[in-house]
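Visitor: Got a structure here, written out as structure tokens. Questions coming.
Any read-out appearing in this document is the output of simple, stated calculations on the displayed coordinates, not a laboratory observation. Computed from a predicted structure; not experimentally measured. Please note: Cβ atoms are built from the backbone with ideal geometry, for glycine as well, and neighbour counts cover all protein chains shown.
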Amino acid sequence: MDRGGADTAGGSGGFLAGRRAAAQADNSLNGSVYDMNGKPYPSVQLVFTSEDNGRSFTVPVDEKGHYHTPSISAGTYDVDVKDKGQVVFRTGIKSAAGRK
């Protein structure tokens with residue numbers, strides 16, 4: 001398992017996770033998960049874990065590789081990409097959600 005940068009990934013499954021993520025007005029994120037060939041990577045799960053408080057939540061990725069998170073607090077998150085229960089890639093994000 002590899003650990004990538006803030007918005008790119010290159011793990012054993014060859015991911016580009018969150019490359020097209022966009023923050024929404026309600027502090028949620030919309031994005032897509034792609035393989036190294038630029039094709040959507042469907043039906044995986046993203047597990048976001050707050051580095052501030054250790055709480056985590058899981059977001060499904062649909063059959064087109066898209067995901068949508070609930071509203072998130074500002075902070076730094078570890079993001080695990082899971083395929084069939086196995087972590088195949090780990091990355092991280094910093095969210096400025098809720099900051100004025």
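Visitor: Mind ordering 51-57, 88-94 by average Cβ neighbours within 10 Å, highest first?
Guide: In decreasing order of mean packing, 51-57, 88-94 become 88-94, 51-57.
Visitor: Please list, in chain and number order, the residues 5+ apart from I72 or on another chain whose amide H is under 5 Å from its amide H, with Hs placed from the backbone.
Guide: Amide H neighbours of I72, under 5 Å, 5+ apart: S28.
Visitor: Which FRET efficiency value, to the nearest 0.05, do you get for M36 and K94 by plugging their Cβ-Cβ distance into 1/(1 + (r/R0)^6) with R0 = 30 Å?
Guide: Using R0 = 30 Å, I get an efficiency of 0.80.
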